[in-house]
Structure formats: structure tokens, C-alpha cells
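Okay, so here's the structure we're looking at.
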Amino acid sequence: LAGGEPGRRYAQPVVLTDVVRTAAAEIEAYARVDAPAAEDVWVAAHAVRDIVHLLAELLDNATAFSPPHTRVRVLIQDDGDAATLSIIDSGIGMSDEQIAEANRRLTQPIHLTSDLVGTMGLLVVARLAARHGVHVRLGRGPMGGTIAEVRLPGELLVATPPGAVPRLRLRPTTPVRAI
């Protein structure tokens, strides 16, 4: 918000699944976030830190405004020239007026005032999104709650980097009994 450059810098692209997991790790209720598997979508190194922070703000809101026993789902859709993440919670949702106001603030970031301190996360999301041409929109979930849709433009996505090693899927092993 203040224009500084805090946090870790990334030298290599990061798979979008790991970007989501890193964002979830930054919030208190990280264990409630169901991260997707999208091993073929990579985020350019220069944008990773900001996208992690943007997603962490949205994930934090999703977990804070939904019952503690519910899960927050993240879905990824690769459109070829862009990727859309949907963050879906099962909270009480927002009124049409609240959604409209939040979406207005996401597209037209305003200065933080004492009246808006409780919604500072939206300002952070709006500024980070504007910095990278990301489109964020809130809406109603199909079963109540809220959906935050985050569309990452193709300029932030890269092809699977040369030399990238596919992740190993570890399976639980059967314990070996000593003889």
C-alpha cells in the first residue's frame, strides 16, 4: 500500500497451485483452504509475490466470513490466454448493494479513510490487481456465500519452464514390520 517492496522475491516462475498454497499459508485458517491441482499453469516470477498477497487477502476474507467448520474451495480454469481462480466460501454472503460497492472499490481504488479501515483488504487487492492487470470480481455463491473470481491475464502466465520437474505424488505407504 505504501509503495514499498516487502517480502521475498522470486527468481523463477511458480506453478499456480503453489502460489495458491503459499497464499493459504499466510492466513490463520490455512487448513480450511482446498487448493487445486493445476500443474501446467505457471505465474511469471515478477508477479508471484503480489499474486500471493492478493490471494491471501481474499482467502482470509473467505475464511473469516464463513463458519469455522466449512471449507473454502479454490478452483482454477486455464483459458489458454488467461487463468481464472474462483475462491468459494459458504458464509452468509453479501447483499446486492454490498457486492456492488465492493466491486466498485475493486475497479476504482480509493484512498483509505478512517471509515474504510475495516475493508482495507479490498484496497490492497484493488491496488495489487491494478498493478498487474488482474481482474477481480465478487459475486454470490451457488449455495450462498461469496465467490471471488480472479482473472490472471496471459502476460502473467508462462509456459512450463524448461527443466521443470513434475512433482512427485507421494502415496501413503504400508508400514514394514520388523522380522
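Please go through region 25-38 and pick out each residue that is exposed (fewer than 15 other Cβ atoms within 10 Å of the Cβ), over 21 Å from Leu123 (Cα atoms) and in contact (Cβ under 8 Å) with a residue 24 or more places away in the chain.
Asp34, the sole residue that qualifies.
Output the number of the condition that Thr84 fails; it satisfies all remaining conditions of (1) more than 17 Å from Gly145 (Cα to Cα); (2) open to solvent by 60 Å² or more (accessible area, probe 1.4 Å); (3) not in a helix (DSSP H, G or I).
Going through the list (1) more than 17 Å from Gly145 (Cα to Cα); (2) open to solvent by 60 Å² or more (accessible area, probe 1.4 Å); (3) not in a helix (DSSP H, G or I), Thr84 breaks only (2).
Is it the case that some residue within region 58-72 is among the aromatic types (Phe, Trp, Tyr) and either touching a residue at least 60 places away in the same chain (Cβ under 8 Å) or assigned to a helix (DSSP H, G or I) (or both)? So that I can check it myself, show each step before the final result.
Filtering region 58-72 down to residues among the aromatic types (Phe, Trp, Tyr) leaves 65.
Keeping just the survivors that are either touching a residue at least 60 places away in the same chain (Cβ under 8 Å) or assigned to a helix (DSSP H, G or I) (or both) gives 65.
Looking for residues that are among the aromatic types (Phe, Trp, Tyr) and either touching a residue at least 60 places away in the same chain (Cβ under 8 Å) or assigned to a helix (DSSP H, G or I) (or both), one finds at least one in region 58-72, hence yes.
Does region 71-96 hold any residues that are among the hydroxyl-bearing types (Ser, Thr, Tyr) and within 18 Å of Val20 (Cα to Cα), and which are they?
The first filter runs over region 71-96 and keeps only residues among the hydroxyl-bearing types (Ser, Thr, Tyr), leaving 84, 86, 90, 95.
Hits for region 71-96 are Thr84, Ser86.
For Arg177, work out the one condition from (1) within 26 Å of Ala44 (Cα to Cα); (2) open to solvent by 60 Å² or more (accessible area, probe 1.4 Å); (3) modelled with pLDDT under 95 it doesn't fulfil.
That leaves (1) as the condition not met.
Within region 15-25, can one find any residue that is modelled with pLDDT under 95 and in a loop (DSSP other than H, G, I, E, B)?
no
Being in contact with a helix residue (DSSP H, G or I) (Cβ under 9 Å, 6 or more places away or on another chain), modelled with pLDDT of 95 or more and not aliphatic (A, V, I, L, M): is that true of Asp50 here?
yes
Within region 75-87, is there a residue that is among the charged types (D, E, K, R) and within 18 Å of the chain's Cα centre (by Cα)?
Yes - at least one qualifying residue is present in region 75-87.
Looking at Thr160 and the list (1) open to solvent by less than 40 Å² (accessible area, probe 1.4 Å); (2) among the β-branched types (Val, Ile, Thr); (3) modelled with pLDDT under 90, which single condition is not satisfied?
The single condition Thr160 does not satisfy is (1).
Of the residues Glu155, Glu149, which single one is open to solvent by 100 Å² or more (accessible area, probe 1.4 Å), modelled with pLDDT of 80 or more and within 20 Å of the chain's Cα centre (by Cα)?
Of Glu155, Glu149, the one residue that is open to solvent by 100 Å² or more (accessible area, probe 1.4 Å), modelled with pLDDT of 80 or more and within 20 Å of the chain's Cα centre (by Cα) is Glu155.
Going by the structure shown, is Ala29 over 17 Å from Leu75 (Cα atoms), touching a Pro at 6+ places or on another chain (Cβ under 9 Å) and not basic (Lys, Arg)?
Working: over 17 Å from Leu75 (Cα atoms): yes; touching a Pro at 6+ places or on another chain (Cβ under 9 Å): yes; not basic (Lys, Arg): yes.
The answer is yes for Ala29.
The values are calculated or read from the model by the stated rules, or taken from the named source; none is laboratory data. Nothing here was measured: the structure is a model prediction, and the numbers come from that model. Cβ: placed from backbone, ideal geometry, glycine included. Neighbour counts: every protein chain shown. For the accessible areas, the whole protein counts, side chains as well, though only heavy atoms, and no ligand, DNA or RNA atoms are used. Shrake-Rupley method; radii C 1.70, N 1.55, O 1.52, S 1.80 Å.
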